[in-house]
Number of protein chains: 2
Amino acid sequence: MTQKDDFDLREFLPYLLNQAAEISSQSFQRIYKGRYGMLRTEWRVLFHLAIYERMTAKDICEKAIMHKTKVSRAVQRLEQRRYLQRKPDEKDRRHEWLTLTSQGRAVYEDLRAHAQQHDQVLMQKLSTEEITVLRRALNALSQP
Amino acid sequence: MTQKDDFDLREFLPYLLNQAAEISSQSFQRIYKGRYGMLRTEWRVLFHLAIYERMTAKDICEKAIMHKTKVSRAVQRLEQRRYLQRKPDEKDRRHEWLTLTSQGRAVYEDLRAHAQQHDQVLMQKLSTEEITVLRRALNALSQP
DNA sequence: GGTTGTTAGTTACATTTTCAACTATTACCA
DNA sequence: TGGTAATAGTTGAAAATGTAACTAACAACC
């Protein structure tokens, strides 16, 4: 198993990004899955609603860059657990406004605390300068 | 939909990493999926075999940080398409040595060219300094 | 030498995701 | 006004993934 090719996978950005994303997500996954049986799609929706307070599923699709079926199903499960409420828009009944319940907000507060703590741990692997550049670069790469 | 919370998702590394990974993978995905009907797991295995020439499934699991069932299934599909061959180890028949066929290498060469081109496009969004720091940071974050 | 433990890899089943088709509502425009 | 197009969101079937249990081969130890 000796390297032969001049092409190095560890320089290929999509590969590197996936690797880093996968590994750095794992320990946070254990938290939201272990404590609340949630999926990745679900914590994302929950966090978006906590941060923006009031969104339609469409808004979430755009902000979180998630497919509408993913969002739809995440919303269903969060509703079943009474973490969010739906209210149809009066003027355009195709839209549904989503907001967290107090229960949902409580879950968010708990997860957010863990998220921030988790982020601290990750950042310990990097210098402050690296963190700044990394965030900037990741944001740039997130523009489609 | 106005931001309320002081916690910013766009600073949470696992989120940012996932977003960037997702988006930057998409156009490469169109290529390996469109041209060869391959999955992400499959191009990864293919690339590893091209680069390291001869590996067992276990080796690939470790290098690529993929679960053994993923690797097992990717190997099956690559074998069906005649992109790789298996040879049991003579001394320890639990091991199987995997190597690409010439067909598999041809597919790799094609995909590699596209990968490099795709990487160029991605890197245009960044300065050379950002690229250096990004790669270093991603490698650091990829250590579990 | 036979029992027990380990390792490489596969398979079966449950859970998630994807893709396409669907409903319901509003917009557009002749 | 009526008919077609567009939009928000849901659903069902197929594909992919995760988890755990499994087989086969070897190792170790008494």
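Rule-based calculations on the coordinates, nothing more; no lab input. No experiment lies behind these values; they were computed from the predicted model shown. Glycine gets a Cβ as well: all are built from the backbone with ideal geometry, and neighbour counts include every protein chain shown.
Table for the structure above
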{"quantity": "Residue that is away from DNA strand D (no atom under 13 Å from the Cβ), more than 7 Å from chain A (Cβ to nearest Cβ) and free of Cβ contacts under 8 Å to residues at least 60 places away in the same chain, where the choices are B:ARG30, B:ARG35", "calculated": "B:ARG30"}
{"quantity": "Candidates B:THR69, B:THR56 - the one that is more than 8 Å from chain A (Cβ to nearest Cβ), over 30 Å from A:ILE60 (Cα atoms) and touching a His at 6+ places or on another chain (Cβ under 6 Å)", "calculated": "B:THR56"}
